[in-house]
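Worksheet: the structure to be examined is printed underneath.
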Amino acid sequence: MGSGTRAASGGWSRRRFVGTLAGLGAVTALPSPAPPRNTEKTAAPRQTGSSAPSHPAPAATPSPKSKPSGPRPLFLGTYTSVEGGGKGVGLATYDPSTGRVTGTGTVTGVANPSYLAVHPDAHTLYAVDEQDAGAVTAVRLADREVLGSRSTGGAGPCHLSVHPSGRWLLSANYTSGSVAVHPITGSGGLGERTDLVTHSSPAPGPGQQGPHAHQFITSPDGGHVLAVDLGTDTVYSYRLDERTGRLTEVARAAAKPGAGPRHLTFHPGGRHAYLANEVDDTVTVCAYEPSTGRLTIGEPQSTGSGAGTNYPAQILVTANGSYAFLANRGDNTLARYAIERDGARLRLLGTVPVAGDFPRQIAFSPDGALLFAANQRSGTVSVFHVDDESGELRLAGKPFASPVAVCALPL
C-alpha cells in the first residue's frame, strides 16, 4: 500500500511537548515499494521569484576546522503562543572559544518558530510556524527581513530542513502527519508548495490517534529524503524529483509498535543511522542502503535514563563518526555513546546532566567543538565543550536564559 495521499488531515489535538505514554514492542524492518498515489496538489499563496540555482551540498555533520575567532551568530526557536514564551526568533551570539552566549534581539513576525534551519549559503534562515494553520517562513540574514511565509498544507509543522542542493525546503506537519516540499527562490524566499503527502498507512501505533510526521531530512548521499513518523511507527523513504519537487515513495521501515520514532541522524559513513524513539524511551541503530533508500531498523537500546518518565528527543553524531549524543527529556541528561564497527554499533558510555529542564533539541557548532542544548521547561540554553578524542562533555558556564527554548541553531 502507498504511504499517503496529498490531502492534509487532523487538528491540533495535543501539545507535542507534553508527550505520550505507550508500551514497549519489537522492531522489524518492513520496507516495501508503493504504487502511484493521488497526484492532486493544493495551491499555496502566490509569490514572485524563480527557482534558485544549485548550491554546494552542506556536510551532514559538523566538519572539523580551525576555530573561528570573534562572536558567531546563534538563532533561538520558541513558542510565541504560550505563557512566558518568546516574541519571535531569538537572536544571539556565542564565543566559539568559551561558549558564552549573549542575546542581541528578536526577529518578530514569526509565530511559534519551534524549529529552525539555514540555507547552505548561510544567507537565509527558515522557521516553522507551528500552529493549526501551519506555515514555513524565510528570513534574510543580512538585514533580518522576513521574506514571507508559505502554507505547509497541514497543522503543527515541527521540523524542516534544506535539501543539499539549496533549492528545496522540506517540512514535517506533526498534527496532520504529512510532509511538504517548497521551492527556494533565487532570493532565498519560498515558492508555491510543490508536494504534500499524508501518511495514511500503516495504521497508527498503540496510543496514537493518527500519523505524526516528526522529521524530514535528506540522506548523506543526497539520493533520498526520509520522513520519520511517530504516529505510524514508520520511517518513509522518498525520491525527490529535483526538477519538479515531487515525492515518490521507494521504501519504508517499521519500528516496534509503540516506539514513537522522533529523529534520525546519519553516521558520516552514510551506511548507518541512529533513531531516537520518543515514546518507548529507546534508541536504535539502523542500516541504510544508499542505492535503494531502504532503511533497516535494529534492536532497541537503552537511553541511559533513570526510573522516571523520559522522552528521547534528538541524537547527534560527531564529524569523525566516533561518538553520539542523545538528549533525554525528563531524565534531563545527555547520553554519551561510543560508535563502533564503522557505525554499526552504539555502546552507551553514560549520561551527563544537561543543566536544564526538558532538553528539546541539541546542535553542534559548525566546527563541532560546542554542543548547544535548548531546554524547553527551564527556558535556557546549555552549552558544552565537546572533546573530539574522548567524547567527553564539559559545561561551558551558566546556561543562557531564553524563553521557552525549543531550538538552538549556531552558525
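The values are calculated or read from the model by the stated rules, or taken from the named source; none is laboratory data. This one's a predicted model, so the numbers in the text were calculated from it and none came from an experiment. Ideal geometry is used to build each Cβ from the backbone, glycine not excepted, and the neighbour counts take in all protein chains shown. Just the protein is used for accessible areas: all its heavy atoms, side chains included, with ligands, DNA and RNA removed. Shrake-Rupley method; radii C 1.70, N 1.55, O 1.52, S 1.80 Å.
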In segment 70-87, the residues that are of a type outside the set (A, V, I, L, M, F, W, C), part of a strand (DSSP E or B) and crowded, with 24+ Cβ neighbours inside 10 Å: GLY77
Report, by residue number, each residue of segment 377-404 that is in contact with a Pro (Cβ under 9 Å, 6 or more places away or on another chain) and within 21 Å of LEU125 (Cα to Cα). VAL381
Can you tell me which residue among SER178, SER171 is more than 18 Å from LEU116 (Cβ to Cβ) and open to solvent by less than 20 Å² (accessible area, probe 1.4 Å)? SER178
Contacts under 8 angstrom Cβ, first residue in segment 192-211 being of a type in the set (A, V, I, L, M) and open to solvent by less than 10 Å² (accessible area, probe 1.4 Å), partner part of a strand (DSSP E or B) and modelled with pLDDT under 95, 6 or more apart: VAL197/GLY4; VAL197/THR5
Among residues of segment 279-336, those that are assigned to a loop (DSSP other than H, G, I, E, B) and under 21 Å from SER219 (Cα atoms), counted: 9
Which residue is farthest from HIS159 (Cα to Cα), if the candidates are limited to segment 102-120 and must be among the hydrophobic types (A, V, I, L, M, F, W, C) and open to solvent by 20 Å² or more (accessible area, probe 1.4 Å)? ALA111
Which of (1) under 18 Å from the mean Cα position of the chain (by Cα); (2) open to solvent by 20 Å² or more (accessible area, probe 1.4 Å) is the odd one out, the single condition ALA276 does not satisfy? (2)
Would you check if GLY293 is buried (at least 22 other Cβ atoms within 10 Å of the Cβ) and closer than 28 Å to ALA251 by Cβ? yes
On the given criteria, is ASP132 open to solvent by 10 Å² or more (accessible area, probe 1.4 Å), free of Cβ contacts under 8 Å to residues at least 24 places away in the same chain, among the charged types (D, E, K, R) and over 19 Å from ARG239 (Cα atoms)? no
Please work out which residue is nearest to ASN173 (Cα to Cα), limiting yourself to segment 139-161 and to residues that are in a strand (DSSP E or B) and within 17 Å of the chain's Cα centre (by Cα). PRO157
For THR284, all conditions in the list (1) over 21 Å from PRO204 (Cα atoms); (2) among the polar types (S, T, N, Q); (3) open to solvent by less than 10 Å² (accessible area, probe 1.4 Å) hold save one; what is the number of the exception? (1)
